[in-house]
Amino acid sequence: MAFNDDLVADIRAHGKVTSGPFLGRDVLLLTTRGKKSGLERTSPLVYSRDGDRLVIIASKGGSPTNPGWFHNLKASPVVTIELGGERFSARAAAAEPESERRRLYDQHSVKNPAFRDYEKKTTRRIPVVILERLSPTAA
């Protein structure tokens, strides 16, 4: 937990990652509301872009279960994104159909090759999440 807390603090202070294993990678902060607790939770996540959309992968390093943040955004799809010193609301949705999920996963894996290995570690279908910015009045 301390690692994630330090990464979140670094991104909030500088608008980007300035040290550690994520240096040079595209990382955003995703804040979701806990499905059970109702508390806000912030997760640093590697992202890619698809036009104006941001793409994140619920890989959890290839573990057999989806990450908590994925369950949270399914329950409450309006999330907060922090990226490059900017904070904004977005709507999260799992990529469908499968051809779109596959295209986005493969596109993400080109820049982030470790994600190819995550698929090999698990039998679950790793969700791809599309984040679309909401206008200030749409949230």
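Solvent-accessible surface of protein heavy atoms, probed at 1.4 angstrom with all chains present, puts R124, R12 in the order R12, R124, largest first. In whole percents, the pair-distance distribution calculated for segment 44-139 from its alpha-carbon pairs, binned every 5 Å from zero, is 3, 13, 24, 26, 20, 10, 4, 1, 0.
Using a Gaussian network model of the chain in which every pair of alpha carbons under 10 angstrom is joined by a spring, one finds that among F70, F115, F88 the greatest mean-square fluctuation is at F88.
Accessible surface of the chain, 1.4 Å probe: 52 percent of it comes from carbon and sulfur atoms. For R25, nonlocal amide neighbours, meaning residues 5 or more places apart or on other chains whose placed amide H falls under 5 Å from its own, do not occur. Using a cut-off of 26 Å between Cα atoms, the listed pairs K35/K120; K16/K36; K60/K111; K74/K121; K36/K121 include K35/K120; K16/K36; K36/K121 as exceeding that distance. Note that segment 27-43 has calculated 3J(HN,Hα) couplings of 10, 10, 9, 10, 10, 10, 9, x, 4, 9, 7, x, 7, 6, 10, 10, 10 Hz, one per residue in order, obtained from phi through the Karplus relation 6.51 cos²θ - 1.76 cosθ + 1.60 (θ = phi - 60°); glycine and proline are x.
With a 1.4 Å probe rolled over the protein heavy atoms of all chains, the accessible area of H71, H14, H108 falls in the order H14, H71, H108, largest first.
Determine, at each q value in 0.19, 0.29 (inverse angstroms), the log₁₀ of I(q)/I(0) that the Debye formula gives when each Cα of segment 83-139 is one equal point scatterer. Log-scaled intensity ratios, in q order: -0.80, -1.15. For R12, neighbours were defined as the other residues whose beta-carbon sits under 10 Å from its Cβ, and their charges (Lys and Arg +1, Asp and Glu -1) total -1. Think of it as helices only: each DSSP H run of n ≥ 4 in the chain is worth -39500 (n - 2.57), and spread over all residues that comes to -9500 deg cm²/dmol at 222 nm. Which of rounded, prolate or oblate describes segment 1-92 when judged by the alpha-carbon gyration tensor and an a/c cut-off of 1.5? Note, shape of segment 1-92 comes out rounded. Rolling a 1.4 angstrom probe over the protein heavy atoms with all chains in place gives the chain an accessible area of 56 Å² per residue. Mind checking which of I81, I56, I11 has the largest fluctuation in a GNM of the chain, springs on alpha carbons under 10 Å? Top of the fluctuation ranking is I11.
The values are calculated or read from the model by the stated rules, or taken from the named source; none is laboratory data. What you see is a predicted model; the values in this text were computed from it and never measured. For neighbour counting, all protein chains shown are included, and Cβ atoms are generated from backbone atoms with ideal geometry for every residue, glycine included. Heads up: the accessible areas ignore ligands, DNA and RNA and are worked out on the full protein's heavy atoms, side chains in. Shrake-Rupley method; radii C 1.70, N 1.55, O 1.52, S 1.80 Å.
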